[in-house]
Amino acid sequence: MKADEYKKIEEIIGYAFGNVELLGRAFVHSSYAHEHDTESYDRLEFLGDGVLGLVVAEKLYDEGRDEGVMTQQRARIVGTRPLEAAAEELGLERYIRFGEGEKKQPHKHRKVLADVFEAVIGAIYLDGGYTAAAAFVTDKLGDRIGDIIGSAESGNAKGDLQEYCQANGLGTAEYRLTARSGADHAPSFTVCVYVSGKMIAEGRGGRKKDAERDAAKSALKILTAKHK
């Protein structure tokens, strides 16, 4: 990476590195690293993921919400899609170094954007410490964090589940009515919710939409538990 490219990236992310080698490494895809016998961004990405999780967890904790809500919100904030969007808005893709073969596979590059965003966080953390990394996260993801915190009490379980699925690349949640029982004046509906083709949870209610809402709440608990 050339000196002027380092400066442009520093201007974009709002942080000046003492060790620009860390910054350069944050943009080295594994395919390039393999071809040039150098280190990829993978280790920085791993570190950045941990730092990002802590920054977001602290902000959610300060809001005084309970553990269940914090877990759901953190998963929605740090999912792949939001990080992809942030990296794309910053224009970071143009600086990523791919191997020759990988350059021909643009359809694979979306996930890479999220990886690079986390790698940049890791690089800033190593270069400037936690405060600098937290400032970057707050600056680049602050609006999304605020929006999700503000919507915590919306009561829209189906909407929250859909947003979670989109944020984590899981597609669209699908609801299927599996049973109806009871008298006409007091029916009971059973609905199953599917994500990525797999049945995740079941819900029940006196109306179909109540059963769907119940299923969505259960699905959110199950899916976000995997992110603890």
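What the table below lists for this structure:
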{"item": "Residues that are of a type in the set (Gly, Ala, Ser) and either exposed (fewer than 15 other Cβ atoms within 10 Å of the Cβ) or in a helix (DSSP H, G or I) (or both), drawn from the range 191-228", "result": "196, 197, 206, 211, 215, 216, 218, 219, 225"}
{"item": "In the range 180-210, the residues that are at pLDDT 90 or above and among the hydrophobic types (A, V, I, L, M, F, W, C)", "result": "189, 191, 192, 193, 195, 199, 200, 201"}
{"item": "Test: residue in the range 103-110 that is at pLDDT below 85, of a type in the set (S, T, N, Q) and closer than 30 Å to residue 220 by Cα", "result": "no"}
{"item": "Subset of the range 22-57 [among the hydroxyl-bearing types (Ser, Thr, Tyr) and open to solvent by less than 10 Å² (accessible area, probe 1.4 Å)]", "result": "41"}
{"item": "Boolean, residue 123 is assigned to a helix (DSSP H, G or I), among the hydrophobic types (A, V, I, L, M, F, W, C) and touching a Leu at 6+ places or on another chain (Cβ under 6 Å)", "result": "yes"}
{"item": "Check on residue 224, closer than 22 Å to residue 68 by Cα, among the hydroxyl-bearing types (Ser, Thr, Tyr), in contact (Cβ under 8 Å) with a residue 12 or more places away in the chain and in contact with a helix residue (DSSP H, G or I) (Cβ under 9 Å, 6 or more places away or on another chain)", "result": "yes"}
{"item": "Answer residue from the range 109-131, given it is over 16 Å from the mean Cα position of the chain (by Cα) and aliphatic (A, V, I, L, M) and is farthest from residue 147 (Cα to Cα) among those", "result": "126"}
{"item": "Residues that are surrounded by fewer than 13 Cβ atoms within 10 Å (Cβ to Cβ) and of a type in the set (Gly, Ala, Ser), drawn from the range 174-190", "result": "179, 181, 182, 183, 186"}
{"item": "Flag for residue 160 being farther than 25 Å from residue 74 by Cβ and either outside any strand (DSSP E or B) or open to solvent by 70 Å² or more (accessible area, probe 1.4 Å) (or both)", "result": "no"}
{"item": "Residue within the range 89-108 that is on the phi < 0 side of the Ramachandran plot and within 14 Å of the chain's Cα centre (by Cα) present", "result": "no"}
{"item": "Residue in the range 166-179 that is part of a helix (DSSP H, G or I), at pLDDT below 90 and out of contact with any Gly (no Cβ under 6 Å at 6 or more places or on another chain) present", "result": "yes"}
{"item": "Residues that are among the hydroxyl-bearing types (Ser, Thr, Tyr) and touching a helix residue (DSSP H, G or I) at 6+ places or on another chain (Cβ under 8 Å), drawn from the range 161-183", "result": "164, 172, 175"}
{"item": "Odd one out for residue 88 among (1) surrounded by 18 or more Cβ atoms within 10 Å (Cβ to Cβ); (2) closer than 20 Å to residue 165 by Cβ", "result": "(1)"}
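The values are calculated or read from the model by the stated rules, or taken from the named source; none is laboratory data. Predicted, not measured: the structure shown is a model, and the values here were computed from it. Backbone-built Cβ (ideal geometry, glycine too); neighbour counts: all protein chains shown. Accessible surface is based on the protein model in full, side chains and every heavy atom, while ligands, DNA and RNA are left aside. Shrake-Rupley method; radii C 1.70, N 1.55, O 1.52, S 1.80 Å.
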